[in-house]
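This report concerns only the one structure given below.
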Amino acid sequence: MSLNLCECGGEVDIRFGGHDANFYAECRECGKTVDLEAVDMPGAVQEWNNRKGKPTKNYIPEIAKMLGVEIGEEFEVLPKIAGPGYKSSRYRFSEQGLEFSNYIHCPSETGWSPTDTITGLLNGKISIIKLPFEPKYGDEYWTVFWSCGCRSRELEPVKFSWLFDYDDMLRKKLGIVYRTKAEAEKNMLHDYERITGHKWEEAFELGVMRYENEKNTETAQMDN
């Protein structure tokens, strides 16, 4: 909404934001910022009063999802202007907005603070670097399962509970531990090819070859 409120006569836009997440007026002509509650301008004050008492939708979860992360998921960032050796702080979205922590550089700094880096993420000047999912004991996670036989083949996401056992550690080492089923489905073809060195289209032929080799081995052993 725009109102002619500035003392210079310029048109003023009513915005929301700033460090205190408040409504304010900004003049298009002189750029002056005015606290609506501190100014005796009936139109602006009425607009403020009308809007501040009404709950508005929190778009932070949708913004996080749009950028490919979840609320509470830690990630790093890479500015386009970053040089070699750049080391990012850790970031995460909370219900209140984007936060960062410097504990990677300084272990004693374990807290999280608000940051305006979200602007760079939204305009494409800063990229998100996804970090490997680190489940905690008892967390559910998704991984990739495949089976290649002489008559059938399967490639699908499956869910397990994280127990820090041998299978969990092996899947983590292979890079096939995912937070969601969708992530596992998205990566399962690439994971199969990366780990086996074969295309998934070759899986059935490989299964038949293995079956024939095992059959021939059994026949040779019986003949001996």
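The values are calculated or read from the model by the stated rules, or taken from the named source; none is laboratory data. The structure displayed is predicted, hence computed values, not measured ones. Positions of Cβ are backbone-derived with ideal geometry, glycine not excepted, and every protein chain shown enters the neighbour counts.
In the set (1) acidic (Asp, Glu); (2) at pLDDT below 80; (3) assigned to a helix (DSSP H, G or I), the condition left unmet by ASP13 is number (3).
The rows are residues; the columns are (1) at pLDDT 95 or above; (2) more than 30 Å from ARG90 (Cβ to Cβ); (3) loosely packed, with under 12 Cβ neighbours inside 10 Å.
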site: ILE128; (1), (2), (3): no, no, no
site: LEU131; (1), (2), (3): no, no, no
site: PRO135; (1), (2), (3): no, no, no
site: GLY138; (1), (2), (3): no, no, yes
site: PHE145; (1), (2), (3): no, yes, no
site: CYS148; (1), (2), (3): no, yes, no
site: ARG151; (1), (2), (3): no, yes, yes
site: LEU155; (1), (2), (3): no, yes, no
site: ASP165; (1), (2), (3): no, no, yes
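Taking the listed residues LYS186, LYS172, the one that is closer than 20 Å to GLU70 by Cβ, exposed (fewer than 15 other Cβ atoms within 10 Å of the Cβ) and modelled with pLDDT of 75 or more is LYS186, with no other qualifying.
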